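Reading through the structure tokens given below for one structure.
The values are calculated or read from the model by the stated rules, or taken from the named source; none is laboratory data. Everything numeric here is computed off the predicted structure, so don't read it as measured data. Every residue, glycine as well, gets a Cβ built from its backbone with ideal geometry; the counts of neighbours run over all protein chains shown. Just the protein is used for accessible areas: all its heavy atoms, side chains included, with ligands, DNA and RNA removed. Shrake-Rupley method; radii C 1.70, N 1.55, O 1.52, S 1.80 Å.
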Amino acid sequence: QELRQKLTQESTLEQVLKRGVLRVGFSTFIPWAMKDKTGKFIGFEIDVARELAKDMGVKVEFVPTKWSGIIPALLTGKFDVIIGGMGILPNRNLKVNFTTPYDYSGMSIVANKKKAEGFDSLDAFNKEGVTIAARLGTTAAQAAKKFFPKAEVRLFDDESQALQELMTGRAHAVVSSAPLPAFHALKYPKRLFLPIKGTFTKEPIGFALRKGDIDTLNFFNNWILVKKHKGWLQEHKDYWFGTKDWEKLIK
Amino acid sequence: MIQAKDIKKTYPNGVEALRGFSLLVKPSEVVVIVGPSGSGKSTFLRCLNGLEEIDRGSIVIDNIPLDHSKQNRMAIRREVGMVFQSFNLFPHMTVRENINLAQMLVRKKNRKQAEETTKDLLGKVGMLEKIEAKPGQLSGGQQQRVAIARALAMKPKIMLFDEATSALDPEMIGEVLEVMKALANEGMTMVVVTHEMGFAREAGDHIVFMEDGLIVEQADSRDFFSNPREERTRLFLSQIL
Amino acid sequence: MIQAKDIKKTYPNGVEALRGFSLLVKPSEVVVIVGPSGSGKSTFLRCLNGLEEIDRGSIVIDNIPLDHSKQNRMAIRREVGMVFQSFNLFPHMTVRENINLAQMLVRKKNRKQAEETTKDLLGKVGMLEKIEAKPGQLSGGQQQRVAIARALAMKPKIMLFDEATSALDPEMIGEVLEVMKALANEGMTMVVVTHEMGFAREAGDHIVFMEDGLIVEQADSRDFFSNPREERTRLFLSQIL
Amino acid sequence: MRITLLKLPKTSFLDLAILASVATGLAYLAHRVAVGMGYDWDWAIIPQYFIRFDDETQSYVPNLLLNGLLTTIRLSVWSTLLATILGLVMGLSRLSRGLFHRLMGWSYVESVRNLPPLVLVFIIYYFLSEQLLPTLHISNAMDAAPGWVREMVTILFAKPQALPAFLSAVFTLALYEGAYITEIIRAGIQSVEKGQWEAAYALGLSSRQRMQHVILPQAMRRILPPLGGQFISTIKDSAIVSIISIQELTFQGMELMSATYLTFEVWITVFLLYLSLTLTCSLAVNRLEKRMAGPDH
Amino acid sequence: MPFNKPKRSTAATAWEITKFILTTGVLVWLVVRGSKGLGYNWQWYRVPQYLYSLDAGGFVAGPLLEGLWVTLKITFFSFFLAFFFGLTTALFRLSDSWAARGLARFYLETIRNSPLLIQIFFMYFVIAPILDINAFTSAVVSLSLFEGAYTSEIIRAGIQAIPKGQWEACHSLGLSGFDTLRKVILPQAMRHMLPPLTGQAVSLIKDSALVSTIAIYDLTMQAQAVISETFLTFEIWFTVAGIYLLLTASLSFLVSRLEDRMIETA
Ligand SMILES: Nc1ncnc2c1ncn2[C@@H]1O[C@H](COP(=O)(O)OP(=O)(O)OP(=O)(O)O)[C@@H](O)[C@H]1O
Ligand SMILES: Nc1ncnc2c1ncn2[C@@H]1O[C@H](COP(=O)(O)OP(=O)(O)OP(=O)(O)O)[C@@H](O)[C@H]1O
Ligand SMILES: [Mg+2]
Ligand SMILES: [Mg+2]
């Protein structure tokens, strides 16, 4: 009895309500989360986090964090939850708890026209001498290693660096969550192309939170369930992933 | 006034600088120590005011033993003034501040009292008009005279001079020796290490010739120069004069 | 042998060290330059072997003009040996290597030839048994004798000595002065800056007294000491002797 | 002989050789750029990240990059101040007679200098600051503080909610730079001639008086210029705290890059920002050095 | 204090050492308590497999040791290249040629006034594509350019610490400038330079961690890769810190031995 009361009081949920602020960790991932021209955060995840805070009746505080340090920061309590397009993976799940997925994403690939001329299947990239770039610590990096074991995989701290590697022609292709590869292929049609249409994996995305906190997990799960049924999630996803209206906000 | 008995001092590097050295200095006496380089002259002076610890033997100054008691050491440092070969004026202070400093911090005088003594002493060494100068603007001889005034400001009973003139240009040595002679004439107890045999002859009451950390010969000034007993002393005098 | 005419030298900080200085040195002559501190003695010696550039005037040594031609300058540096107040031996080399070095690199001798000269010269200055020592293990006087041997190894026609004894302890000065006297007796042309009036009197052929970058008086050794013409010279001599 | 009227720099063979090789190098680079890269430069959008027009308040407000720059400056100033205090204490400890003090000073300097800064940042941010900051009750104090205090804090340090992270970044940097300052101070004190210690001793000054009136004032001229240099290092080193998500210049640059993909423009801008900041300081330090090298005060 | 250290009894010394041990103990305890308070689940037992494995009786280096090897390679090449840059720059700065001095100043000011991280990126993303050099070379070049700037100041200070008299003696013996440097000045300057050069080498080892940002699989990068797969963040970072510490400490130790030897033979 006492134990249960104590757990409830110590749950993240209680802490957030007491504080009146929900602290959300994330890392820049277009178009999940990014800064606009005025320095404000925008993106799909940002919308989700705002909505969540609104429903809890608290303010939201965004804590932009480097992707490579995001799990330790969560574990050491620098923020309450990661809402950052984090794919649910078994090895991650060993360290943190995930909610039920509120979204799905998949990997796709964009390649350099000159360097990867005539590569039109995934197998074409799985060769010695092929270089694939991806972002360190992401599901994209794991997918690259899994699908192209023979190729050299170069990992960078940031998506933009991986892309730079592709643009200068030092990498044959970049693996990243959709729709990013498609965006870039559109933006630089002379230099980049999409070797395959659509995605080649499907990954569930969930909120990540500290282990041992049933109350909060349960709340988040049900919140997601509700939003899914109302169509709220789909609506916002369409805006961020289906249109490019938001591009003028960042440039 | 000074009783130094059987002093041994070995530096950490193993050099035995003093090997059972004893010396008696009476009040108002001027003792001049001469000897070849490395014979331990500076080491002895530095032991006298506690700059170096002695390994064996005893030093008693004005009836205060130089032991491990902090009060005694402090008292001796106040009784004993020292003038170094390299002047060691504080370069960031004016002449005035150099001389005021210890009076105010150690003797706890207020600024006015200190200033009075300072001016008095500067007049004595003929440096009053340089009271606002920084040491860097003075010649070596002038710096050394200020250093003497600074030591005197603590009203020490004993003054130690370690080759106070050997860093000076030939023409400036005279000025400093004059000040030292005047002090001697006023009855200050002094222990002087010097190569200036002229000074030793004129102002010294007692001459000590040392070598290798021991006294080879000591005598009154007159006897020492006119009638050295030891062969070694004669050789030294012949080379240095 | 040396013709220095109307030399002017102003240091970058504006000090006029030489203000129209002229001097003639005949072969085998020993010229001693004396004068108060800062009068420009060192500056003149340094100009003679090209350590300082002169602003005006001309220097001709052994019929080679010291101008901007690289060959001439090199030739003069070989003709002129210099001994410094602070010895300037190379501390990381033995005595042997110190003396061999320039012979092998500049005179292009092989090791055997160089060694021969080295031993010969070390014998001359009485330092043969220290041939394997490092400079740090030698006394000042010994170091200075090695420095003289090192300069002589280049077989210079002229030797310059800048206060070669003033960094030495009184007892060691003698050793070095002996070596210098021997050189003078052998007929080496020498220009010597010194405070040792004894040496000037004994070994100097010609004495030059300078002050403020100019010659105040010059005369043959005998006349200079016994019969100085200028008031300033008399004052200087009275203070220094 | 030679009468120098006007000192024109003499041009030697070496001068010409160097000029020639520099020119060739630049020409080759230019050639490669013209032929090879084919990068679409887009400098026009950079300025708005310095300053932007805010519609709400109808005024110009600093944007990402300028904010980052300001944070970098705040970080550097505070951590250098703290590091100087730490360095003074540790520097004196290293010279102390007590073995304990010397050991403390020694182990501090050696451990900081031998550990990669990254690891130091982690240890302090995740482990030590967790222990120390809550005891200061900063968050609560900030919440309770009146508005003007919060504004002051924002201007001097960081936004109230970012304060704990900011402070632990300052601690980290101070601890890191402090080790180097310790050595600067130790060297400065040791550079004061032995004669000065002895003269002060012979005059009967206590060891405290000796330090305060004689040694430290003289050591200062040897300490200040390298201390200025260390400040410049702090500005540069502050980039490492970007890994704990302090929003200083490097972090903001990276964010901007991931949002806009203008890799070159952003890097070059950030590079120039650092350069202008540090060069200004470096000029000031040179001035200081000249003044200090002059005759005694 | 620079003079007059009174001798202390062994009892006093022992007490001082005890105090030291106690203080460090308290500090370590604080860190440990901090880690407990985190609620972090330590899994040290998972670490060794990333260091090495004993496959079929043979020793197989794990990713961390492989990374260490890359770090060592980078450090090694960079050190010598940095010494070369440093020496050239120092000589340029001391030379009579204004162009040489100007170039050296430009190099020093740009390098010393910007963060290394930015230089590495600049070299890799801006210069390297232009000159078509690979990641490893570009890492070595940017590291050695960076350390070279500091090395040059060490070398310059070392040369300037040699008394002017040594130059003058060489001049009056007729030695050429090159011989003077080679035979007289540098051998003496070496002794002044060795301790700060060691410090520089230690910095180089530490700074080489930054090349991980351009996807070179050095120790730090391997650590990050392992962490991204296992999330053993703290375990791996502490292991890596230990390896770096071991590396730098053994380097310092080696050089201090070397110094002793040099002093003995002096
Ligand atoms: N701090 C020191 N550490 C080690 N040895 C020292 C130290 N000071 C002096 N010595 C050695 O002690 C011996 C005596 O030195 P001291 O300075 O007393 O001689 P001195 O008679 O004053 O000589 P000088 O006339 O050259 O000043 C010398 O052999 C010297 O090398
Ligand atoms: N490198 C220098 N830069 C600037 N001024 C100098 C330099 N060397 C000497 N001087 C100045 O030039 C003047 C002459 O100096 P010099 O050394 O020739 O005198 P000196 O006769 O040798 O004196 P001393 O007997 O003290 O050695 C002095 O005023 C001195 O301060
Ligand atoms: Mg002495
Ligand atoms: Mg001179």
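Inter-label distance, A:K211 to D:L14: 6.5 nm, where each label sits 7 Å from its Cα along the C-beta direction. The 3J(HN,Hα) values that the Karplus relation (6.51, -1.76, 1.60; θ = phi - 60°) gives for region E:41-58 are, in residue order, 8, 6, 10, 4, 4, 7, 6, x, 4, 8, 8, 7, 9, 9, 8, 6, x, x Hz. Gly and Pro appear as x.
Using only atoms on other chains, find how many Cβ atoms lie within 10 Å of each Cβ of peptide A:38-44 and report the average.
Numbers: counts 10, 13, 0, 1, 1, 1, 0.
Counting Cβ atoms of other protein chains within 10 Å of each residue's Cβ and averaging gives 4.
I need the calculated FRET efficiency for the pair E:D132 and C:L214, taking r as the beta carbon distance and R₀ as 51 Å, to the nearest 0.05. The partial results should precede the final answer.
Values: r = 68 Å, r/R0 = 1.34.
The computed FRET efficiency comes out at 0.15.
Remark: accessible surface ordering of A:Y104, D:Y180 (largest first) is A:Y104, D:Y180, probe radius 1.4 Å. Compared with the direct C-alpha span, the chain from D:R287 to D:V149 gains 46.0 nm at full extension, assuming 0.36 nm per residue. Geometric descriptor of chain A, per residue, is 124 Å³ (volume of the convex hull of the Cα atoms). Take the Cα of C:S58, step 7 Å along the line toward its Cβ, and report every residue of region C:10-29 whose backbone nitrogen sits under 15 Å from that point. Only C:22-24 fall inside the zone, counting backbone N under 15 Å. Close amide-amide hydrogen proximity is noted between B:I33 and B:V192, B:V193, B:T194, B:V208, each under 5 Å apart and 5 or more residues distant or on a separate chain (H modeled in the peptide plane; Pro and chain starts excluded).
Report, as an integer, the average count of C-beta atoms from other chains found within 10 Å of each Cβ along B:76-85.
Numbers: counts 1, 5, 2, 1, 2, 3, 5, 2, 4, 1.
Shielding by partners across B:76-85 averages 3.
Atom-type composition of the exposed protein surface of the protein assembly as shown places 58 percent of the accessible area on carbon and sulfur (1.4 angstrom probe).
So for region C:2-239, averaging the separation of alpha carbon pairs under 8 Å that are six or more residues apart and normalising by length, what relative contact order in percent results?
Numbers: 418 pairs, mean separation 65.4, N = 238.
The value is 27 percent.
Solvent-accessible area of A:D47, probe 1.4 Å, all protein chains present, reported in Å² to the nearest ten, please. Per-residue accessible area (A:D47): approximately 40 Å². For the chain pair D and E, the interface hides roughly 5400 square angstrom of accessible area in total, found with a 1.4 Å probe. Residues B:K70, C:K5, ordered by accessible area of protein heavy atoms at a 1.4 angstrom probe radius and largest first, appear as B:K70, C:K5. Across the copies of the chain, C:N227 has label points (7 Å from Cα along Cα→Cβ) spaced 4.3 nm apart, shortest distance listed first. Across every direction, the projection of the convex hull enclosing the Cα atoms of the protein assembly as shown has a mean area of 61.7 nm². When D:I184, A:I109 are compared by accessible area of protein heavy atoms, the largest-first order is D:I184, A:I109, using a 1.4 Å probe. Mean sequence separation of contacting Cα pairs (under 8 Å, at least six apart), scaled by the length of chain E, corresponds to a relative contact order of 23 percent. In this label model, E:N41 and A:E235 are separated by 3.9 nm, measuring between points 7 Å along each Cα→Cβ vector.
Both radii were evaluated on the Cα set of region C:2-239; the Rg over Rh quotient, with Rh as the Kirkwood radius, amounts to 0.97. Within the listed set E:T75, E:T213, E:T248, the residue fluctuating most in the Gaussian network model of chain E (springs between alpha-carbon atoms under 10 angstrom) is E:T213. 3J(HN,Hα) along region D:144-155, derived from phi through the Karplus expression 6.51 cos²θ - 1.76 cosθ + 1.60 where θ = phi - 60°, amounts to 7, 5, x, x, 5, 5, 4, 5, 4, 4, 4, 6 Hz, with x in place of Gly and Pro. Checking every one of the GluC sites (Glu not before Pro) in region A:144-251 against DSSP loop status and a limit of 12 other Cβ atoms within 10 Å picks out no site at all. A simple spin-label model places pseudo-atoms 7 Å from Cα toward Cβ; at A:Y104 and B:Q3 they are separated by 10.6 nm. Considering only A:M56, B:P91, E:L181, the residue lying farthest towards the positive end of the dipole of the protein assembly as shown is A:M56, judged by Cα position with unit charges set on Cβ. Between E:L246 and E:I21, the FRET efficiency estimated from the beta carbon spacing at R0 = 25 angstrom works out to 0.70. Computed over chain D with a Gaussian network model linking Cα atoms closer than 10 Å, the most mobile of D:K159, D:K236, D:K194 is D:K194.
Take each of the peptides C:56-65, C:187-196, average the number of other beta-carbon atoms within 10 Å over its residues, and list them starting from the highest.
C:187-196, C:56-65
Buried accessible surface for the A/D pair, both sides summed and rounded to the nearest 100, is 2700 Å² with a 1.4 Å probe.
First measure r as the distance between the Cβ atoms of B:H68 and E:L186, then evaluate 1/(1 + (r/R0)^6) with R0 = 51 Å and state the FRET efficiency to the nearest 0.05.
Numbers: r = 49 Å, r/R0 = 0.96.
E between B:H68 and E:L186, to the nearest 0.05, is 0.55.
When you look at the Cβ of every residue in A:129-139, what mean number of other chain Cβ atoms sits within 10 Å?
2
Scanning residues 5 or more positions from A:R154 or on other chains, those with amide H under 5 Å from its amide H are A:I132, A:A133, A:A134, with H placed 1.01 Å from N in the peptide plane.
If N is the number of residues in region B:124-183, what value comes out of its Cα radius of gyration divided by 2.2 N^0.38 Å? Kindly include the intermediate steps, with their values, before the conclusion.
Values: Rg = 11.2 Å, N = 60, 2.2 N^0.38 = 10.4 Å.
For region B:124-183, the normalised Cα radius of gyration comes out at 1.07.
The tail of the calculated P(r) for region D:52-293 beyond 28 Å holds 43 percent of all Cα-Cα pairs.
For region A:94-219, calculate the relative contact order in percent as a whole number, restricting contacts to Cα pairs under 8 Å that are 6 or more residues apart. Walk me through the intermediate numbers first.
Values: 236 pairs, mean separation 56.1, N = 126.
Here the relative contact order equals 45 percent.
Past 20 Å, Cα to Cα: identify those pairs from B:K41/D:K194; A:K114/A:K251; A:K37/A:K244; A:K150/E:K206; B:K108/B:K157, in the order given. Correct reply: A:K114/A:K251; A:K150/E:K206.
Among E:I111, E:I17, E:I127, the largest mean-square fluctuation in a Gaussian network model of chain E, built with springs joining Cα atoms closer than 10 Å, belongs to E:I17.
The amide H of C:S22, built 1.01 Å from its N in the peptide plane, has C:D6, C:I7, C:I215 as neighbours under 5 Å, considering only residues 5 or more places off or on other chains.
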